[in-house]
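Q: The following block contains the structure, expressed as structure tokens.
The values are calculated or read from the model by the stated rules, or taken from the named source; none is laboratory data. Just so it is clear, the model here is predicted, and its values are computed rather than measured. Cβ atoms come from the backbone with ideal geometry, glycine included; neighbour counts cover every protein chain shown. Quick note on the areas: whole protein, heavy atoms, side chains included, nothing else; ligands and nucleic acids left out. Shrake-Rupley method; radii C 1.70, N 1.55, O 1.52, S 1.80 Å.
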Amino acid sequence: MSAADPLSAVLIAVPVVILACRAGGALLQRLGQPAVVGEMCVGIMLGPTLLGRLWPAAEHWLLPPSVLPFTDVLGQLGLLVFMFLIGLELDLGVLRGHRGTAMAIGQASIALPLLLGAGLGLAMYGSQAPEHVGRLPFVLFIAVSMSITAFPVLARILAERGLYGTRLGTLAMACAAIGDVTAWCLLALVVSLAVGTSTMDAVNTVALTAGFAAVLVFGVRPLLARWSRERRGTGMRHEAVVIAVLFSAVCLAGLATARIGVHTIFGAFLLGTVMPRGTPAVERAAGQLRSVAVPLLLPLFFVQTGLRTDLGGLHDGSEWLWAAVILLLAVTGKWGGAALAARAVGQDTRSAAAIGVLMNCRGLTELIVLNIGYDMHVISAEVFTMLVLMALITTALT
């Protein structure tokens with residue numbers, strides 16, 4: 001296949017990646033793990049860590065440079081839809097009856113990892129940060145990456161274990177919801193600091209993002225609610241219109257936040273949070289978007305992550321030592337912060353320990369954060385690999 005004919009290469013790469021990720025997800029599900037762990041593993045194995053090391057010609061044939069821009073765009077579209085769905089699933093109604101408890105645990109499960117991550121970032125900055133990256137963006141990014149909980153993966157783990165509707169499961173979801181909102185706000189701040197040339201640029205970016213969120217809440221949300229009610233009970237032709245409008249809105253929201261100076265995923269996520277809940281037309285449209293984006297497009301994002309992850313690139317013992325420290329502090333910070341806070345607000349020891357374990361789930365959300373940092377050159381390829389390894393292990397441990 002020539003570089004002038006990338007379509008043929010794309011038509012080979014896309015089905016191979018999709019089927020491999022589906023097979024990996026199904027295999028790990030049989031072993032008691034969420035599918036995302038298997039998909040993450042397959043993405044890494046198709047990159048330089050395994051396939052590129054054992055059979056470089058096969059990796060180059062499957063994913064040649066001419067294909068990567070196309071698979072990257074398709075994966076990013078899948079990611080946009082996925083982030084919209086995360087926002088749509090982030091139902092703060094689960095806080096009802098648990099508001100004070102969930103607020104205390106959720107913020108503690110963010111605060112302790114942030115503090116440990118900030119200390120780790122300061123220690124790593126001299127030897128592991130890329131050149132020309134400021135100390136503050138690097139330290140804040142490491143801190144945020146240590147504090148993530150994967151809200152959608154946690155929901156699926158709870159559902160698969162029959163815990164979703166229980167008191168423990170509801171409280172864990174409420175804590176994760178609070179933690180996710182806080183973490184995404186902090187990540188937006190890190191992104192604005194990384195792209196801004198001055199403190200005032202960062203302030204302007206944060207202010208514009210807040211303004212965009214206000215427009216969505218007070219302007220777009222009422223319009224969407226009225227429009228979706230008008231589509232109640234309509235036929236298939238109108239459902240197709242709803243899907244088209246939702247997908248277009250996701251793309252435009254992503255474009256808006258990209259122009260503001262933060263990542264496209266923030267726009268998709270914010271749009272999802274303001275969507276009216278309980279509307280059949282919207283729920284059916286979201287379900288159909290999920291049925292396409294998650295199994296068909298999102299695996300391409302896993303491969304993009306896998307191509308950037310090279311465990312063989314951790315050359316010496318000091319880098320493996322940093323990877324071990326990252327894993328230790330990530331588990332300790334999340335588990336310790338959540339469990340101690342749960343005990344402090346009256347949870348029994350077993351429930352507090354379980355909440356601490358559940359908050360350690362990072363999964364796909366962590367990979368999204370890490371790819372943002374890598375794309376912005378806030379972290380090096382080696383630090384990216386260390387953090388991906390941490391995300392994979394902590395999700396499997398959960």
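Q: Given the conditions (1) buried (at least 16 other Cβ atoms within 10 Å of the Cβ); (2) more than 22 Å from PHE269 (Cβ to Cβ); (3) outside the structural domain of ALA174 (by the TED database), which single one is not true for THR101?
A: (3)
Q: Check off (1) open to solvent by 10 Å² or more (accessible area, probe 1.4 Å); (2) at pLDDT 90 or above; (3) of a type outside the set (A, V, I, L, M); (4) in contact with a Gly (Cβ under 9 Å, 6 or more places away or on another chain) for GLY254 and give me the number that stays unchecked.
A: If we test GLY254 against (1) open to solvent by 10 Å² or more (accessible area, probe 1.4 Å); (2) at pLDDT 90 or above; (3) of a type outside the set (A, V, I, L, M); (4) in contact with a Gly (Cβ under 9 Å, 6 or more places away or on another chain), just (1) comes out false.
Q: Among all residue pairs at least 6 apart or on different chains, which show Cβ distances below 6 Å where the first residue, located in the range 339-351, is not assigned by the TED database to the domain that holds ALA174 and the second is open to solvent by less than 20 Å² (accessible area, probe 1.4 Å)?
A: Pairs that qualify, where the first residue is not assigned by the TED database to the domain that holds ALA174 and the partner is open to solvent by less than 20 Å² (accessible area, probe 1.4 Å): there are none.
Q: Let me ask something else about it. Are any residues in the range 355-398 open to solvent by 10 Å² or more (accessible area, probe 1.4 Å), aliphatic (A, V, I, L, M) and assigned to a helix (DSSP H, G or I), and if so, which ones?
A: If the condition is that a residue be open to solvent by 10 Å² or more (accessible area, probe 1.4 Å), aliphatic (A, V, I, L, M) and assigned to a helix (DSSP H, G or I), then VAL357, LEU358, ALA381, LEU389, LEU392, ILE393, ALA396, LEU397 are the ones that fit.
Q: Right, next: Take LEU340 and tell me if it is open to solvent by 60 Å² or more (accessible area, probe 1.4 Å) and more than 30 Å from VAL133 (Cβ to Cβ).
A: Considered against the rule, which asks whether it is open to solvent by 60 Å² or more (accessible area, probe 1.4 Å) and more than 30 Å from VAL133 (Cβ to Cβ), LEU340 comes out as yes.
Q: Given the condition in the same structural domain as ARG221 (by the TED database), more than 19 Å from VAL369 (Cα to Cα) and either outside any helix (DSSP H, G or I) or modelled with pLDDT of 85 or more (or both), answer yes or no: does some residue in the range 265-273 qualify?
A: No - not one qualifying residue is present in the range 265-273.
Q: Which residue out of LEU328, LEU307 is in a helix (DSSP H, G or I), farther than 18 Å from VAL245 by Cα and outside the structural domain of GLY126 (by the TED database)?
A: LEU307
Q: Could you tell me which residue of the range 34-86 is farthest from PHE302 (Cα to Cα), considering only residues that are part of a loop (DSSP other than H, G, I, E, B) and open to solvent by 40 Å² or more (accessible area, probe 1.4 Å)? Walk me through how you get there before you give the answer.
A: Taking the range 34-86 first, the residues part of a loop (DSSP other than H, G, I, E, B) are 34, 46-50, 55, 63-67.
Next, from what is left, pick out any that are open to solvent by 40 Å² or more (accessible area, probe 1.4 Å): 50, 55, 65.
Details: LEU50: 15, TRP55: 20, PRO65: 17 Å.
Ranking the candidates gives TRP55 first.
Rundown of residues vs (1) crowded, with 16+ Cβ neighbours inside 10 Å; (2) touching a residue at least 12 places away in the same chain (Cβ under 8 Å), yes/no style:
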residue	(1), (2)
ILE243	yes, yes
ALA258	no, no
GLY267	yes, yes
LEU271	yes, yes
MET275	yes, yes
PRO280	no, yes
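Q: If you take the residues in the range 106-163 that are part of a loop (DSSP other than H, G, I, E, B), in contact with a Gly (Cβ under 6 Å, 6 or more places away or on another chain) and open to solvent by less than 10 Å² (accessible area, probe 1.4 Å), which one is modelled with the highest pLDDT? Talk me through it step by step, then tell me what you get.
A: First, the residues of the range 106-163 that are part of a loop (DSSP other than H, G, I, E, B): 129-134, 147-150, 161-163.
From what's left, in contact with a Gly (Cβ under 6 Å, 6 or more places away or on another chain): 149-150, 163.
Subsequent filtering for residues that are open to solvent by less than 10 Å² (accessible area, probe 1.4 Å) retains 149-150.
Details: THR149: 83, ALA150: 79.
Among residues in the range 106-163 that are part of a loop (DSSP other than H, G, I, E, B), in contact with a Gly (Cβ under 6 Å, 6 or more places away or on another chain) and open to solvent by less than 10 Å² (accessible area, probe 1.4 Å), the one modelled with the highest pLDDT is THR149.
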